[in-house]
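Working notes, beginning with the structure itself.
All of the numbers you see were taken from the coordinates with simple rules; none came from a lab. Every value quoted in this text rests on a predicted model; they were computed, and no experiment measured them. Cβ placement follows ideal geometry from the backbone for every residue including glycine, while neighbour counts extend to all protein chains displayed.
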């Protein structure tokens, strides 16, 4: 099994009112079942950022919030 450092976007919340911006985190995850890693650029609220996208072999989508939790528990970060 190999690992890869990816960039993920985590939305920040402020109180119960909702959105308060975002942060980009670099985390290490397993590449098992994941292929075609690539960086993509996006713009939100006038701020440009880069995140990593990839495909899953089972066709499902990894949510960045789930990846953040995986990274926190995998012992690699």
(message) Sorting check: for 63-73, 32-42, which peptide has the highest mean count of neighbouring beta carbons within 10 Å, and how do the rest follow?
(response) 63-73, 32-42
(message) Test of understanding: ordering 76, 12 by Cβ neighbours within 10 Å, fewest first, what list do you get?
(response) 12, 76
(request) Pop out the Kirkwood hydrodynamic radius of the chain from its pairwise C-alpha distances, inverse of mean 1/r, in Å to one decimal. (result) 13.5
